Amino acid sequence: MNFAIIKDLVERCAEKGIRHAVLCPGSRSAPLTLAFARNKKIKCWTFSDERSAAFIGLGMAQQTKTPVALVCTSGSAAYNFSPAIAEAWFQQIPLIIFTADRPKEWIDQFDGQTIRQTELYGRHVKKHVELPLDYTHPDSEWYANRMVNEVINLAQSGQKGPVHINAPFREPLYPSGNENSKPKAGRVIESMMGESTLSSKEWTGIKQALTHCKKILVVAGQNDDDPALTNALTAFHSVHSWPFVGDVLGNLHSLPFYCQHSDTFLGQLPENSKQLLQPDLLITFGKSLIAKNLKLYLRTYKPKQHWHLQPSGDTADTFQSLTKVIAVSPTHFFDQLKKIPLPPQKTWRTYEEMWLDLELKAKKEIKKFFQTKRPGEFSLVKQVIEALPGQCNLHLANSMTVRYANHIGLTASQKKVSVFSNRGTSGIDGCSSTAVGHALTSKIPNVLITGDLAFFYDRNAFWHNYVLPNLFVIVLNNHGGIIFNLIDGPAGLPEAEEFFITRQQLNAKSLASEFGFTYMEASRTDLEAFFKIKKNVKILETESSQSINKKIFEEFKKHIKNRYES
């Protein structure tokens, strides 16, 4: 074992901007663990559960907007990184995964903690590389240096994403005690990526196409909070009246012209109204949408043309109507398009007004619905969102939580609230851990709203030695998977109670006591006071009946439907 070379490789990670490393305990990974732990340029964190640890690393990378290293031992430990790696792939988050491995000759020989780790994560990483087993020849050191440089560059270039470095090690795995040499200067390979642009001919073609479109709709998928983008959209909208539609994960709620309640009203509109909203041209950017009604609407009332803005990577045909991929960022596209003189189109403003009228009506009816005091979790989500600290990260767990929040939305005045959710794979497995990753690497409040199944499923998010005074957790405990009681299909089945809803009897009080957290009941707590508590993690829980929550949500949809049909 050449410990000095492993130390040098970790130094290359530091030189290439990695400032945080998540280390999971293990013996085979000892050379990597010690190299990271002894590097003063990298902040190292340790978590025992690899599945939770990987989501925490994902949250750190998302918060810091820099790549984060994950390190684990061989065997099933490496497999436990998989859910977070898949999430990072679909959310385009750079993770540098180091997995220790056994020598090749011991694979499939019933040796302990040994599995087939080559290309372990399949097509959910941008690249898999294997480091040399031995470093006796100078070319091995050159190769390892080149691979580490290459994959870190790749993780951050184009469509960002995770990369995998598998590192087989022979024993001895621990230094003898005299391995305290400083890492030596090594080669750093830089990668410079410029902004993709279009030619004047391509812009001319775009201009000509736009002049023939009477109804242009812009739909935003999930995006990080991006001031440059909101500034570009604001400037563009001051010149051209196009409707901008999306949901709460678009992080565009600070724009007064943003329609974020399409999921609320599109599912309830009569057919003649839906037909009037059908666009000639659909322009999209960003990632996934929560809004099922918006997706179904655009798949039914297809545009004649659909342009998607994306600088690089594979493009999804979400609405089954894609006709053009424009390889630039949405910020660049709208910045440049604003400068192009387009002949005025009266239909553009009329079309936008149709969407804005529906949006305004939805906001009024949502407010009116909740003016009547109602029990249950839907009302609590509304109260929490309205009481959020002025600047914070809002984390939404999957299933009903993110859907409740999407119907409620945020206001333009909450421009310093950034919204996050694991909608890459839409799983419940790492919702708490991702929020913990954000909380560890930020000073602002992090507010997690989660259901009971997501909360208990990911309880190891809190199994560590770090204090998190900036993490607030709101648990919507209806003692099961309420979404299966609401969606068509499982709700009416005799097996629903046992095999889909899967009732559970836990509450969060015992967990809070076990970890030394502050625990409060929602019915007895003032939210403004809750958000001022300075101690470790704060948990606010509401326990409610599934039948009541189901009834309230169905009443909400009926209320909206009646108003749009009248």
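Helical content of the chain, expressed as a calculated mean residue ellipticity at 222 nm, amounts to -11500 deg cm²/dmol (DSSP H runs of 4 or more residues, -39,500 (n - 2.57) each, divided by residue number, nearest 500).
Here the residues Ile165, Ile548, Ile366, ranked from fewest to most Cβ neighbours within 10 Å of their Cβ, fall in the order Ile548, Ile366, Ile165. The length gained by stretching the chain between Ala185 and Gln371 to full extension, at 0.36 nm per residue less their Cα-Cα distance, is 60.4 nm. Remark: for residue pairs Lys160/Lys532; Lys215/Lys558; Lys367/Lys551; Lys368/Lys538; Lys373/Lys558, the C-alpha separation exceeds 25 Å in Lys160/Lys532; Lys215/Lys558; Lys368/Lys538. Site pair Glu495 and Lys65 shows an inter-label distance of 4.8 nm when each label is modelled 7 Å from Cα along Cα→Cβ.
For segment 292-398, the Cα gyration tensor yields ellipsoid semi-axes of 34, 20, 18 Å (square root of five times each eigenvalue, largest first, whole Å). Of the GluC sites (Glu not before Pro) found in segment 124-214, those in coil by DSSP whose Cβ has at most 11 other Cβ atoms within 10 Å are Glu190, Glu195. To the nearest Å, what is the center-to-center distance of segment 497-537 and segment 199-215, using C-alpha atoms only? Segment 497-537 and segment 199-215 have Cα centres spaced 54 Å from each other. Summing Cβ point charges (Lys, Arg +1; Asp, Glu -1) relative to the Cα centre of segment 372-565 gives a dipole of roughly 780 debye. Taken along the Cα-to-beta-carbon direction at a fixed 7 Å, the label points for Asp357 and Arg563 span 1.6 nm. Give me the percent of Cα-Cα pairs in segment 3-168 that sit more than 28 Å apart, rounded to a whole number. Everything past 28 Å amounts to 11 percent. Rounded, prolate or oblate: which one fits the chain, using the alpha carbon gyration tensor with axes a ≥ b ≥ c (rounded when a/c is under 1.5, else prolate when a/b beats b/c, else oblate)? Oblate.
Bin by bin, in steps of 10 Å, what percent of the Cα pairs in segment 200-364 do you find, going until the bin that has the longest distance? Histogram of Cα-Cα distances, whole percents per bin: 10, 43, 39, 8, 0. Taking the charge dipole of the chain about its Cα centre, with +1 at Lys and Arg Cβ atoms and -1 at Asp and Glu Cβ atoms, the residue from Ala14, Ile115, Tyr258 reaching farthest to the positive side is Tyr258. Compactness check for segment 372-565: Cα Rg over 2.2 N^0.38 Å is 1.01.
Taking every alpha-carbon pair under 8 Å whose residues sit at least 6 apart, segment 372-565 reaches a relative contact order of 22 percent. For the chain, Cys13, Cys44, Cys213, Cys259, Cys392, Cys431 have no disulfide-compatible partner, since no other Cys C-beta lies under 4.7 Å from theirs.
Taking the Cα centre of segment 287-354 as the origin and placing charges on Cβ (Lys, Arg +1; Asp, Glu -1), which of Ile326, Gln310, Ala291 is farthest toward the positive end of the dipole? Farthest along the dipole direction, towards plus: Ala291. Rounded, prolate or oblate: pick one for segment 391-491, where a ≥ b ≥ c are the square roots of the eigenvalues of its C-alpha gyration tensor, a/c under 1.5 means rounded, and failing that, prolate if a/b is larger than b/c, else oblate. It comes out oblate by the Cα gyration axes. The residue among Ala405, Phe462, Val219 whose Cα reaches farthest toward the positive pole of the charge dipole of the chain, with charges on the beta-carbon of Lys, Arg, Asp and Glu, is Val219. Between the alpha-carbon centers of segment 132-198 and segment 340-408, tell me the distance in whole angstrom. Measuring centre to centre over Cα atoms gives 46 Å. Could you give the distance between the Cα centres of segment 70-93 and segment 8-39, to the whole Å? Going from one Cα centre to the other spans 16 Å.
Taking the Cα centre of segment 133-235 as origin and assigning +1 to Lys and Arg Cβ atoms and -1 to Asp and Glu Cβ atoms, the resulting dipole is close to 540 debye.
Dipole magnitude for the chain: computed about the Cα centre from +1 point charges on Lys and Arg Cβ and -1 point charges on Asp and Glu Cβ, it is near 1680 debye.
Read the figures in this text as sums done on the coordinates, not as results from a lab. Just so it is clear, the structure is predicted and the values come from calculations on it, not from any experiment. Counting neighbours? That spans all protein chains shown, and the Cβs are built from the backbone with ideal geometry, glycine included.
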